[in-house]
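Trainee: Sharing a structure here in structure tokens format.
Laboratory data are not the source of any read-out in this text; all were calculated from the coordinates shown. What you are looking at is a predicted structure, and each value in this text was computed from that prediction instead of being measured. For neighbour counting, all protein chains shown are included, and Cβ atoms are generated from backbone atoms with ideal geometry for every residue, glycine included.
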């Protein structure tokens, strides 16, 4: 008597080649997993604000002024907010678009790139610059995502949803 025919035991799952090797088959349907838009946007905002602080410090060091070290915040502090808002808008709109469309593809990155580019263009106080930056960043980031993203270094094998352990 096999275990699947026993009345007290649960039935055995169907075995396939992909389940034996933990590799998804090309014939299996991909299931979408929603992305936490605000959580990832908050994390990216803090990271991009840190990069903005670094860029602001370099700008402050290269300019001649008598504001001292606080010039990082008083003279070139708008760089920090620009980087933070661009990081937030890219991450939020990428996740939001993926959740609305229930798919992970390059169009999500293009939508996020358009939002970030629009923010960069608004800083110049010109709508044509904002629309052009939106189109340029959407094309750049959408193409980068469609091509596979980063394909070298420690980020080469990291997929969305995995964490990178550099320690």
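Trainee: Going by how many other beta carbons lie within 10 Å of each one, how would you line up 56, 126, fewest first?
Mentor: With the sparsest Cβ surroundings first, the list reads 126, 56.
Trainee: Separate question: Place a label point 7 angstrom from the Cα of residue 78 along the Cα-to-Cβ direction, then list the residues of region 93-129 whose backbone nitrogen is under 20 Å away.
Mentor: Hits in region 93-129 for residue 78 at 20 Å: 116-129.
Trainee: Take every Cα-Cα pair in region 36-149 and report what % of them are more than 18 Å apart.
Mentor: For region 36-149, the fraction of Cα-Cα distances above 18 Å is 56 percent.
Trainee: Do you know the relative contact order of region 36-149, to the nearest whole percent, from alpha carbon pairs under 8 angstrom that are 6+ apart? Numbers along the way, then the final one.
Mentor: Numbers: 167 pairs, mean separation 26.6, N = 114.
Worked out over region 36-149, it gives 23 percent.
Trainee: Fewest Cβ neighbours within 10 Å first, please rank 102, 29 accordingly.
Mentor: 29, 102
Trainee: Assuming 0.36 nm per residue, please report the length gained on full extension of the stretch residue 131 to residue 61 beyond their Cα-Cα distance.
Mentor: Difference between extended and current length: 22.0 nm.
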